[in-house]
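Have a look at the structure below before the remarks.
The values are calculated or read from the model by the stated rules, or taken from the named source; none is laboratory data. None of these values were measured; they are calculated from a predicted model.
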Amino acid sequence: MPIIIVTDQMKARLDKADGPIERCAADGKLLGYFTPSKPRQYRLEPPGSEEELDRREAAGGGRPLKDILRVLEKRR
């Protein structure tokens with residue numbers, strides 16, 4: 001896929017976009033659409049309180065990885 005490098009001025013304008021925008025030539029001809037790529041939002045806090053996380057860890061559970069892989073292999 002070809003890559004187009006934009007000027008810093010155009011980058012600043014595109015950075016403000018919060019959704020897809022149309023890109024047109026000076027004569028008004030539609031060139032295409034631009035969908036901004038926003039950085040992923042990551043959780044900084046783990047889900048649940050410390051007490052809840054401790055409870056989940058103490059409860060144990062789950063299966064060994066080798067058992068999970070064995071089941072997945074059978075599904076093939």
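Tell me which residues, restricted to the stretch 20-41, are small (Gly, Ala, Ser) and at pLDDT 85 or above.
Once the filter is applied, which keeps residues that are small (Gly, Ala, Ser) and at pLDDT 85 or above, the stretch 20-41 yields ALA25, ALA26, GLY28, GLY32.
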Residue selected from the stretch 42-61 under the condition modelled with pLDDT of 85 or more and of a type in the set (Gly, Ala, Ser), by the criterion nearest to LYS11 (Cα to Cα): SER49
